[in-house]
Amino acid sequence: MKTFLFILIVIASGASAGLILGVANLVFVEPSLDQATGIENQHLFATGEEKDTPEFQIKYEGYRTWQKSGQMLAGGILGISIGSLFGIAFALSRNALPGKTDIKKALVLAGIMWLTIYFIPFLKYPANPPTVGDPETVILRGILYLSFITISGFGAVGFYKLSQKLKTKKFIAIVGYVAFIVIAFITMPENPDQITAPVDLVNHFRMMSAFTVSLYWLSLGLILGSLWTHYKPHKEITSFS
Amino acid sequence: MSQSRQINVSKNGVPVIAIVVLAIIFAVGLFVVGFDQGHIFSLVYGEEAFQDMYIHELTHDMRHAAGFPCH
Ligand SMILES: [Zn+2]
C-alpha cells in the first residue's frame, strides 16, 4: 500500500465531507440554534442579568456570527477526525466488505459505522439545542455518550470477528449484536438533564441534526470510495529492478 | 527489504505507521470539537484557558449540531 497516498486520500475525503457537514449545519441547524439562544437571552433579560439594549444586541450578533464561522472550521476538523477512523476501518476491512466496487464497499462500511457509532448512540443520547444541558453535568454526559459509542463500536467489531469464525449461520452474530446493544441501551443511565426548552424546538433540532450528520456519513463513503477508485492506494508501487 | 516490510505492515497489508498517524488525528480532532473545555489552551495559557474556553466557544455550534453534550 502507498502509505502517503492512503493518508492523503483519507484526509481529503474527511475534510470534504466535513465541509459539506458545516454548510448543511449552517443551512439546516443554525435556525434552531438561533431560536434556542434567543430563549436564553429572554431568560437573561427576565432575571435582570442582561438588559435588552441595542448594545447587547450588537454584541450578541457579533458573537453569534463568530460562532457560526466556527461551524465551518469545526466541520473541517471533525470531518478529518471521523474520516481518519473511517479510513483505518476501510483499509483493514476492504477485502472482507461486500460489493464489487470500492464505492459500494465504502458506502456499506459508512452505513455500518453510521448505525453503530452514530445513530444507535443518538437514539440513547439524542442531540440537544442550547438551554437544555446543565453545565454542571457536562462531563458526566460526555463520559456517558462516549462510553456508549465505544461499547457499540467495539461490540460491532467483536460480533464481526465472531461472524468470521461462524462461517455458516452468520446471522447469529447480528442477533448477538442486537441483543448486546439492547442490554447496553437499557442498563446505561439516562441523560440526567430535564428538558425545559419547547418540545417542538427540541424535536425539530434533533431531526435536522440527525439529517446533517447522516449526510456527512453518506458523503464520506462516496468521496472516499471515489478517491480510492481513482488513485488505488492499495496497489504496491511497481518497481523496476 | 522484504523482511523489514513484513514488520511494518499489518496482516491486511496496511502500513502500521498510517494507522498510528490516522488514530492520533482521530483522537485529537474528536477531543477538540467534541470535548475540550479549555484543556488544550491551558497547556499554554494556564488556568485562564478554563475560563475563556476559546475552543469550546468556537466549535460550540458544531458541538450541538453533531450531538455532543454541551449546555
Ligand atoms: Zn452549548
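Summary table
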read-out	value
From the options A:84, A:69, residue that is assigned to a helix (DSSP H, G or I), free of Cβ contacts under 8 Å to residues at least 12 places away in the same chain and within 13 Å of another protein chain (Cβ to nearest Cβ)	A:69
Lone qualifier among B:24, B:55, B:40 - being in contact with a His (Cβ under 9 Å, 6 or more places away or on another chain), assigned to a helix (DSSP H, G or I) and under 27 Å from residue A:7 (Cα atoms)	B:55
Subset tally (residues that are at the interface with another protein chain (Cβ under 7 Å from one of its Cβ atoms) and either surrounded by 23 or more Cβ atoms within 10 Å (Cβ to Cβ) or in contact (Cβ under 8 Å) with a residue 24 or more places away in the chain (or both)) for segment A:89-108	1
Some residue of segment A:109-126 being under 30 Å from residue A:36 (Cα atoms) and part of a loop (DSSP other than H, G, I, E, B)	yes
Subset of segment A:136-182 [within 22 Å of the chain's Cα centre (by Cα) and within 16 Å of the ligand (Cβ to nearest atom)]	A:137, A:138, A:139, A:140, A:141, A:142, A:145
The lone exception for residue A:132 - which of (1) more than 9 Å from chain B (Cβ to nearest Cβ); (2) within 16 Å of the ligand (Cβ to nearest atom); (3) among the β-branched types (Val, Ile, Thr) it fails	(1)
Only one of A:26, A:8, A:33 that is surrounded by fewer than 17 Cβ atoms within 10 Å (Cβ to Cβ) and at pLDDT 95 or above	A:8
Tally of residues being free of Cβ contacts under 8 Å to residues at least 60 places away in the same chain and in a helix (DSSP H, G or I) across segment A:181-224	9
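Okay, residues lined up against (1) within 16 Å of the ligand (Cβ to nearest atom); (2) open to solvent by less than 50 Å² (accessible area, probe 1.4 Å); (3) touching a Phe, Trp or Tyr at 6+ places or on another chain (Cβ under 7 Å):
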| position | (1), (2), (3) |
| --- | --- |
| B:24 | no, no, no |
| B:27 | no, no, no |
| B:38 | yes, yes, yes |
| B:54 | yes, no, yes |
| B:58 | yes, yes, no |
| B:64 | yes, yes, no |
| B:69 | yes, yes, yes |
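The values are calculated or read from the model by the stated rules, or taken from the named source; none is laboratory data. All figures in this text were calculated on a predicted structure; none of them were measured in a lab. Cβ atoms come from the backbone with ideal geometry, glycine included; neighbour counts cover every protein chain shown. Heavy atoms of the whole protein, side chains included, go into the accessibility calculation; ligands, DNA and RNA do not. Shrake-Rupley method; radii C 1.70, N 1.55, O 1.52, S 1.80 Å.
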